[in-house]
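Student: Could you have a look at this structure, given as structure tokens, before my questions?
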Ligand SMILES: NC(=O)c1ccc[n+]([C@@H]2O[C@H](COP(=O)([O-])OP(=O)(O)OC[C@H]3O[C@@H](n4cnc5c(N)ncnc54)[C@H](OP(=O)(O)O)[C@@H]3O)[C@@H](O)[C@H]2O)c1
């Protein structure tokens, strides 16, 4: 066993070798007293600090409207870290080390004087790179991005540079626009003050270990790549489901809905990684070129085809884990006659040589029976001879499932003979489990993404043409739905897998939704 592990170690290939390393830098967080900062950014930066992955030296400056001292912000962060760190990750001594790197700057985003104060604070940092290598993280409403970028530019903290090592960078949060026109406008505004290479558009899904593994899995294993085309694949299903309802985010969700909140970004990103052609290199631009090419080959929606290719739904009152939960329209800050969709299912066709004719089914929703993200590659059935001739539909076709979360891993499902004198076949699975193989450590997506920005590597971030192409895919759907009241059939009780129309979407091609939970349970150990 030990020998085998040693062999695995010898055969492992460290791709980080040759990658750019992080240089001393300052991270300025705009929106420092906000929810994202408390729940995600500060815990991620703390973990990087605790793991000695931050560059040395490194400073973190919080910028927000509420007046407070650096000491007061440090005390708040300590509480946030205790609350939001994963179990066992908070350590008071490490928190002291982290706090020493942190300072606060009070300011209104629209006030030029506030940027001068920020500049004065940065100028006070001893190390030259802390003053020049600046990362501006805009954890704010997107409507404030352009204003902040302009003021930073006027204060000579952000200039258009071709992405040099010590150039300033802007990190912007989703949502990036609310349709194609607004995304184009935002891109136009930001690129007045920064070059495209300096802009890092976050989709935190791309920071997830298992999402990154899609590329490695596809392009480092010839056995699967051979099967990755219309010749072998019958259909692909991508599911991102949540048990949670909209909770306290009713106001935000009313303006967004599942199509904008999940499909335009996360689901299309996963689809692009699953279906793209091999890039010419692992460089950021090469990978992003292929993703854009794939997105551009998705067949545009036609209004007449909407009923057979797009389904929306909204959760009504129902039961989750044995508890009664209210419907979406009864949630706080939601209109009682709201038409916002909390569920979307799509059938997409990718018009290229590899995927022609293969349906890609995407679905996402709130208040579904499970919180899970997975990609299922459903292979074509065997010819109707031999076992298939006798078993008919009971002989299940093979499938490969990439489990993005939870229980991250990969399942291959195939048929095997049940032991005994009977001639009986049933599906069995081969399973790769991340935690079993590598231990329980999976870094938070934000840790990885922040480190990538520091290393000036934009592979895991969305390029301008990528975000615009994604909007051009979902815009016609949004426009077709706009102003049309949700039909009665669109309401699904909380705890069900969406409206019946989502099943009919697949049934037209004799397909049905499948989940990893379909797999046969492991036999008990004797
Ligand atoms: N929260 C999440 O989990 C999450 C997840 C993904 C993406 N996002 C995105 O991240 C961004 C931030 O979300 P959030 O939930 O953190 O928002 P939030 O809780 O409302 O925080 C907004 C922050 O911006 C500051 N701010 C607002 N207007 C300001 C102004 N005029 N001048 C100075 N400071 C101002 C607020 O400062 P004061 O408190 O001092 O007023 C606060 O620090 C949004 O684009 C959101 O869509 C959030």
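The values are calculated or read from the model by the stated rules, or taken from the named source; none is laboratory data. Everything quoted here is computed from the prediction, not taken from an experiment. Counting neighbours? That spans all protein chains shown, and the Cβs are built from the backbone with ideal geometry, glycine included.
Student: Consider residue 123 carefully, then state whether it is more than 15 Å from the ligand (Cβ to nearest atom), touching a helix residue (DSSP H, G or I) at 6+ places or on another chain (Cβ under 7 Å) and over 16 Å from residue 44 (Cα atoms). Break it down into steps so the answer makes sense when it comes.
Tutor: Details: more than 15 Å from the ligand (Cβ to nearest atom): yes; touching a helix residue (DSSP H, G or I) at 6+ places or on another chain (Cβ under 7 Å): yes; over 16 Å from residue 44 (Cα atoms): yes.
Considered against the rule, which asks whether it is more than 15 Å from the ligand (Cβ to nearest atom), touching a helix residue (DSSP H, G or I) at 6+ places or on another chain (Cβ under 7 Å) and over 16 Å from residue 44 (Cα atoms), residue 123 comes out as yes.
Student: A further question on this structure: Looking at residue 54 and the list (1) more than 16 Å from the ligand (Cβ to nearest atom); (2) surrounded by 11 or more Cβ atoms within 10 Å (Cβ to Cβ); (3) part of a helix (DSSP H, G or I), which single condition is not satisfied?
Tutor: Status for residue 54: all satisfied but (3).
Student: For segment 171-184, which residues satisfy the criterion of being more than 16 Å from the ligand (Cβ to nearest atom) and either free of Cβ contacts under 8 Å to residues at least 24 places away in the same chain or buried (at least 21 other Cβ atoms within 10 Å of the Cβ) (or both)?
Tutor: The one that is more than 16 Å from the ligand (Cβ to nearest atom) and either free of Cβ contacts under 8 Å to residues at least 24 places away in the same chain or buried (at least 21 other Cβ atoms within 10 Å of the Cβ) (or both): 181.
Student: Take the conditions within 16 Å of the ligand (Cβ to nearest atom), under 22 Å from residue 286 (Cβ atoms) and either out of contact with any strand residue (DSSP E or B) (no Cβ under 9 Å at 6 or more places or on another chain) or at pLDDT below 95 (or both) and apply them to residue 200. Does it pass?
Tutor: no
Student: (1) within 16 Å of the ligand (Cβ to nearest atom); (2) under 15 Å from residue 456 (Cα atoms); (3) free of Cβ contacts under 8 Å to residues at least 60 places away in the same chain: which one isn't true of residue 150, the others all being true?
Tutor: So the condition that residue 150 fails would be (2).
Student: What about residue 104, is it in contact (Cβ under 8 Å) with a residue 60 or more places away in the chain, touching a helix residue (DSSP H, G or I) at 6+ places or on another chain (Cβ under 6 Å), closer than 22 Å to residue 65 by Cα and within 16 Å of the ligand (Cβ to nearest atom)?
Tutor: yes
Student: Looking at segment 316-334, is at least one residue part of a helix (DSSP H, G or I), crowded, with 23+ Cβ neighbours inside 10 Å and touching a helix residue (DSSP H, G or I) at 6+ places or on another chain (Cβ under 7 Å)?
Tutor: Initial filter on segment 316-334 (part of a helix (DSSP H, G or I)): 328-330.
Right, trim to crowded, with 23+ Cβ neighbours inside 10 Å and you get 328.
Now drop any that are not touching a helix residue (DSSP H, G or I) at 6+ places or on another chain (Cβ under 7 Å), which leaves none.
Looking through segment 316-334, none of the residues is part of a helix (DSSP H, G or I), crowded, with 23+ Cβ neighbours inside 10 Å and touching a helix residue (DSSP H, G or I) at 6+ places or on another chain (Cβ under 7 Å).
Student: Go through the residues of segment 76-89 one by one and say whether even a single one is at pLDDT 95 or above, buried (at least 16 other Cβ atoms within 10 Å of the Cβ) and touching a strand residue (DSSP E or B) at 6+ places or on another chain (Cβ under 7 Å).
Tutor: yes
Student: Working carefully through the options 3, 93, 32, 38, find the one that is within 16 Å of the ligand (Cβ to nearest atom) and either part of a helix (DSSP H, G or I) or modelled with pLDDT under 95 (or both).
Tutor: The conditions single out 38.
Student: Of the residues 114, 139, 44, which is closer than 22 Å to residue 190 by Cβ, surrounded by 17 or more Cβ atoms within 10 Å (Cβ to Cβ), under 31 Å from the mean Cα position of the chain (by Cα) and within 16 Å of the ligand (Cβ to nearest atom)?
Tutor: Criteria check complete, one pass: 139.
Student: Any chance you could count how many residues in segment 453-468 are surrounded by fewer than 21 Cβ atoms within 10 Å (Cβ to Cβ) and within 19 Å of residue 48 (Cα to Cα)?
Tutor: Count: 2.
Student: So, residue 147, is that one touching a helix residue (DSSP H, G or I) at 6+ places or on another chain (Cβ under 7 Å), surrounded by fewer than 17 Cβ atoms within 10 Å (Cβ to Cβ) and closer than 30 Å to residue 179 by Cα or not?
Tutor: The answer is no for residue 147.
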